[in-house]
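Quick notes on the structure that follows.
No lab work stands behind these numbers, since they all come straight from the coordinates. These numbers were taken from a predicted model, which means no experiment stands behind them. Here the Cβ positions follow ideal geometry from the backbone for every residue, glycine too, while neighbour counts run over all protein chains shown.
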Amino acid sequence: MKLIKIIVYLIIIAVLIVSFTPLNLYYSNISKEIRPISLNEISGSAIKGTAGSVKYLGFELGKADWFVYPSSYDEITMDLDLSDELYNFNAKLINTVKSKIIKDLKGTADWKMIDQFLQFNHGELSGYLDFDFDHLEMREGLAYRINGRITTKELKLIEPIQKDMGEIEVVFKTDNPAIMVGQVNSTSNVLNVSGAIYIHKNHRWEVKLTLIPMPGEYEIEYALQNIGDRRPGGGRSLNIAGFY
């Protein structure tokens, strides 16, 4: 019994030391343990702190603020805010024995972050994406469960003509852990978007979309001409895939 009390006291002392010791004093000693994440311009502690620059696999993610605490006997939770010029997110990151979970992910991202991947060379869009996910879960490095949605907001074609593009929504609801599906739909008077985003258990993802301008929307058809492939019945088909 006395030994157990000594161990508990030692754990409490260790937690207090970590809580109040500035992280930048010992970050170089633990940096290898958190790769591929790297932190710069650190202030505060490992429990509650800020990094002016966060990188993941060499990609700049912006500024981070965090607060770490035990949420149960076998869970550690981090309240995280991540921001950059083009986006702002906040979420709870929960680390358990079996999985890594992101809960209550909310935030926005400028449309420019997606635009660069679509070869949108004959027009220009403005707007942003609204993220609202209640649960994202990884087990053994594989996507296991995703529930939430992404919605375009204030999406407008500003070149070659100004047009309101309406909303495009991707809704994820996991029924089968082997494959997660995000159904894509649109509410637009100028462009119909339908299809799905697939996230497979074998580290593979796919995007299969159909984009069909409404009758008479020649400017929309012109703006889309470099995206994906031409459909025999009109519009474009976008089929891309990769690995995560």
**Asked** Any idea which residue in segment 188-221 is farthest from D164 (Cα to Cα), counting only those that are surrounded by 14 or more Cβ atoms within 10 Å (Cβ to Cβ) and of a type in the set (S, T, Y)?
**Response** Y198
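Considering only segment 117-145, state which residues are acidic (D, E) and surrounded by fewer than 19 Cβ atoms within 10 Å (Cβ to Cβ).
Once the filter is applied, which keeps residues that are acidic (D, E) and surrounded by fewer than 19 Cβ atoms within 10 Å (Cβ to Cβ), segment 117-145 yields E124, D130, D132, D134, E140.
Test G228 against the criterion of being farther than 20 Å from D110 by Cα and either surrounded by fewer than 16 Cβ atoms within 10 Å (Cβ to Cβ) or under 15 Å from the mean Cα position of the chain (by Cα) (or both), and give yes or no. Don't jump to the end; show me each part of the working.
Details: farther than 20 Å from D110 by Cα: yes; either surrounded by fewer than 16 Cβ atoms within 10 Å (Cβ to Cβ) or under 15 Å from the mean Cα position of the chain (by Cα) (or both): no.
Taking the combined requirement at face value, the residue does not satisfy it.
Answer yes if at least one residue in segment 107-116 is surrounded by fewer than 17 Cβ atoms within 10 Å (Cβ to Cβ), closer than 30 Å to E75 by Cα, touching a residue at least 40 places away in the same chain (Cβ under 8 Å) and out of contact with any strand residue (DSSP E or B) (no Cβ under 7 Å at 6 or more places or on another chain), and no otherwise. Give the derivation first.
So the first thing to find is which residues in segment 107-116 are surrounded by fewer than 17 Cβ atoms within 10 Å (Cβ to Cβ), and the list is 108, 110, 112-116.
Restricting the remaining residues to those that are closer than 30 Å to E75 by Cα gives 108.
Okay, now just the ones that are also touching a residue at least 40 places away in the same chain (Cβ under 8 Å), so 108.
Narrowing further to those that are out of contact with any strand residue (DSSP E or B) (no Cβ under 7 Å at 6 or more places or on another chain): none.
Within segment 107-116 (the criterion being surrounded by fewer than 17 Cβ atoms within 10 Å (Cβ to Cβ), closer than 30 Å to E75 by Cα, touching a residue at least 40 places away in the same chain (Cβ under 8 Å) and out of contact with any strand residue (DSSP E or B) (no Cβ under 7 Å at 6 or more places or on another chain)), the answer is no, since none of the residues qualifies.
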